[in-house]
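Working notes, beginning with the structure itself.
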Amino acid sequence: MITMSDGDQLAYIRVQERIAELAERLMNNPDERVGERVAELLDWVDVFHREGLTRLVAMVEAWRGEIFLESAAEDEVAGTLLDAYGLRDDLLPGGPTAPAPPPPPQPTLVQIRRK
């Protein structure tokens, strides 16, 4: 069971269904602007997760982490997340062959300025 900050619980497999249900309700709001904003929000969340997860998988592959990735792909929770972004089949033996991942990126320097 997955627990949200407000105490609600769902089985992990049901979380994606609940997200879809809530998104559909909001996208069908009588105020079209609400639906448009929800669609935009979901698109940005998708881009954020897809890009991060894809890069993470590529980095693990570049570091010869095939066994780790195969285990992740077979895990109930991690595998579901990989499925959501179409990454599981590429990680399991006999799955589609993906092009070689790029080398891991160099660390990026980020400055935080305090006010």
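The values are calculated or read from the model by the stated rules, or taken from the named source; none is laboratory data. Here the structure is a predicted model, which is why all the values come from computation and not from measurement. No Cβ is skipped: glycine too gets one built from the backbone with ideal geometry, and neighbour counts run over all protein chains shown.
Summary table below
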{"item": "Residues of the stretch 35-61 that turn out to be more than 16 Å from the chain's Cα centre (by Cα) and surrounded by 14 or more Cβ atoms within 10 Å (Cβ to Cβ), as a count", "result": "4"}
{"item": "Single residue of LEU22, LEU82 found to be surrounded by 14 or more Cβ atoms within 10 Å (Cβ to Cβ), part of a helix (DSSP H, G or I) and modelled with pLDDT of 85 or more", "result": "LEU82"}
{"item": "Residue list for the stretch 62-82, filter: hydroxyl-bearing (Ser, Thr, Tyr) and under 14 Å from the mean Cα position of the chain (by Cα)", "result": "THR80"}
{"item": "Unique residue being in contact with a Pro (Cβ under 7 Å, 6 or more places away or on another chain) and farther than 26 Å from MET1 by Cα when the list is ASP43, ASP90", "result": "ASP90"}
{"item": "GLU61 part of a helix (DSSP H, G or I) and without any contact (Cβ under 8 Å) to a residue 40 or more places away in the chain", "result": "no"}
{"item": "Candidate set: the stretch 62-79, residues that are of a type outside the set (A, V, I, L, M, F, W, C) and within 21 Å of ILE19 (Cβ to Cβ); chosen: the one surrounded by the most Cβ atoms within 10 Å (Cβ to Cβ)", "result": "GLY79"}
